[in-house]
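We did not get these values from a lab; they are worked out from the coordinates using the rules stated. Keep in mind it's a predicted model, so treat the numbers as computed, not measured.
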Amino acid sequence: MIGKTFAHYVAVAIGSELPQTQTTEAERALLMQHLPGRKRIVEIGVFEGFTTRVLAEASDPDGTIYGVDPFFTGRLGISWGFMIAKSYNRKYLASGKLKFVRSFSTGVGDKVPETVDFIFIDADHSLAGITADWTFWSERIESGGIIALHDTLLTPDRLQSAEFGSHQYFRSHIQHDSRFRIVGKAGSLSILSRR
């Protein structure tokens with residue numbers, strides 16, 4: 001397993017493979033529609049940094065992306081996801097447009113601005129995880145800002161399998177939150193705007 005992961009890292013670093021992603025092309029296109037003009041962008045759950053780069057490329061040229069992820073390490077003490085994300089996004093890290101914040105989503109402290117205008121949440125899909133993320137981040141989005149939530153809608157390929165807590169909490173709480181209105185959906189992705 002370590003050899004395969006290392007080989008994937010090297011392949012991404014030399015450009016012969018892309019990082020893995022759990023977002024679809026349609027979901028990324030919807031995210032990009034809402035990014036122009038956004039300057040303070042947070043991604044919760046970086047994984048290997050594929051969507052992070054989409055956010056960097058489609059956002060305002062003067063914007064800053066804060067990629068928040070604990071980047072767990074394996075038995076060798078290495079986080080291959082972090083290594084891949086850094087390699088794939090090196091241009092944006094070098095320019096300062098992208099900053100990685102190694103933290104759980106609600107433990108960012110002052111490493112992320114107090115208010116932001118775009119948040120993409122694709123992290124802990126458990127009921128406790130999405131509840132904590134929504135409680136913390138929905139307060140930090142400014143009026144007119146966008147909050148995008150992955151794995152909140154059931155897709156045809158997931159109808160026969162178990163739901164995530166993120167599906168349940170979206171149906172029971174998020175879609176009824178009067179501070180927000182739904183402005184887009186694609187695949188499992190919901191886009192909401194702060195009133």
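At a Cα cut-off below 23 Å, give the lysines reachable from residue 111, other chains included and same-chain residues fewer than 8 away excluded. Of all the lysines, those that pass the test against residue 111 - Cα under 23 Å, at least 8 places apart if same chain - are 39, 86, 91, 97, 99. Using only Cα positions of the range 27-90, each an equal point scatterer, no hydration layer, compute I(q)/I(0) via Debye at q = 0.16, 0.29 Å⁻¹ and quote the log10 values to two decimals. Rounded to two decimals, the profile gives -0.53, -1.25.
Per DSSP H run of n ≥ 4, the term is -39500 (n - 2.57); total these for the chain, divide by its residue number, and report the mean residue ellipticity at 222 nm rounded to 500 deg cm²/dmol.
Roughly -9500 deg cm²/dmol at 222 nm, from the helical runs in the chain.
Principal semi-axes of the equivalent ellipsoid, √(5λ) from the alpha carbon gyration tensor of the chain, are 26, 20, 16 Å from largest down. Amide H contacts under 5 Å for residue 120: 42, 43, 44, 148, restricted to partners 5 or more places along the chain or on a different chain, H placed in the peptide plane at 1.01 Å from N.
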